[in-house]
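This report concerns only the one structure given below.
The values are calculated or read from the model by the stated rules, or taken from the named source; none is laboratory data. Since the model is a prediction, treat every value here as computed from it, not as a measurement. Cβ sites come from the backbone with ideal geometry, for glycine too, and all protein chains shown count toward neighbours.
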Amino acid sequence: KEKVEITKEQQALMKIITDAYNRHQIPQDVAKKLLQDQYSAEENFLLLTEMATSQVQVLVEFTKNIPGFLSLDREDQIALLKGSAVEAMFLRSAQVFSRKMPSGHTEVLEERIRKSGISEEFITPMFNFYKSIGELHMVQEEQALLTTVTILTPDRPYVKDQQAVERLQETMLDVLRKLCVLQHPQEPQYFARLLGRLTELRTLSHYHTEMLASWRMN
Ligand SMILES: O=C(NC1CCCCC1)[C@H](C1CCCCC1)n1c(-c2ccc(-n3cccn3)nc2)nc2cc(F)c(F)cc21
């Protein structure tokens, strides 16, 4: 069995990305807001647009800290951000939902989201995704690297130099793979499960436009 070891450079890379990921949290905690009050479908829709907008700004700031990202072609940087914004938003929502909360809070939060105005057909796939992320019990380094791998997806629309993005993504995947082996030694398939979530994430993100269009306003 080969000894898996994270190099000094990979350690430094992971620290930069994790610190940036933790620094760029959403300003006010939306989970707390949703637990405090019940909002109308219109208010929830507005809250979602506000959260999604601030999340995009957070995402732009975060990508500036991904070593090598700013060396990519400028237009490719924009194509990667545009292509990953919705996935990053659902991934962050899943991580917010999976956070350890006082008992009973997650159930209330789930109920508030179920009743927020999202149409029925999207509720199940969305919560299936949230729960499958929760079951992974990711450490924060894994969360930060998974978001980074999602942003550095070479086959987004309009990306010109896919090789350059692929090289960056490979670098991140190598660190993430080693981290998974070290963090979850009993589960050799953990890394593969983690990447499988990205497929589920992409599918969920295809519903995004329809989810907004079908928001049940009273
Ligand atoms: O604010 C949210 N997510 C943000 C976005 C940025 C980063 C942080 C979280 C929302 C929220 C807006 C108010 C109503 C109720 C939902 N949220 C969502 C969500 C629901 C639907 C959508 N849709 C996307 C297109 C159509 N629907 N996106 C996110 N899941 C959540 C899970 C939580 F634990 C949770 F706490 C909130 C969550």
Residues that are in a loop (DSSP other than H, G, I, E, B) and surrounded by 14 or more Cβ atoms within 10 Å (Cβ to Cβ), drawn from the range 181-196: HIS184
Pairs, first over 27 Å from PHE45 (Cβ atoms) and in contact (Cβ under 8 Å) with a residue 12 or more places away in the chain in the range 117-145, second surrounded by fewer than 16 Cβ atoms within 10 Å (Cβ to Cβ) and not polar (S, T, N, Q), C-beta under 7 Å, six or more apart: LEU136/ARG193
Condition check for ALA94: in contact with a helix residue (DSSP H, G or I) (Cβ under 6 Å, 6 or more places away or on another chain), within 8 Å of the ligand (Cβ to nearest atom) and modelled with pLDDT of 95 or more: yes
Matching residues in the range 96-134 - criterion: being over 15 Å from the mean Cα position of the chain (by Cα) and not in a helix (DSSP H, G or I): LYS100, MET101, PRO102, SER103, GLY104, LYS115, SER116, GLY117, ILE118, SER119
Number of the exception - TRP215 against (1) surrounded by 13 or more Cβ atoms within 10 Å (Cβ to Cβ); (2) under 19 Å from the mean Cα position of the chain (by Cα); (3) within 16 Å of the ligand (Cβ to nearest atom); (4) not small (Gly, Ala, Ser): (2)
ALA85 vs. criteria within 13 Å of the ligand (Cβ to nearest atom), closer than 17 Å to GLN169 by Cα and in contact with a helix residue (DSSP H, G or I) (Cβ under 9 Å, 6 or more places away or on another chain): yes
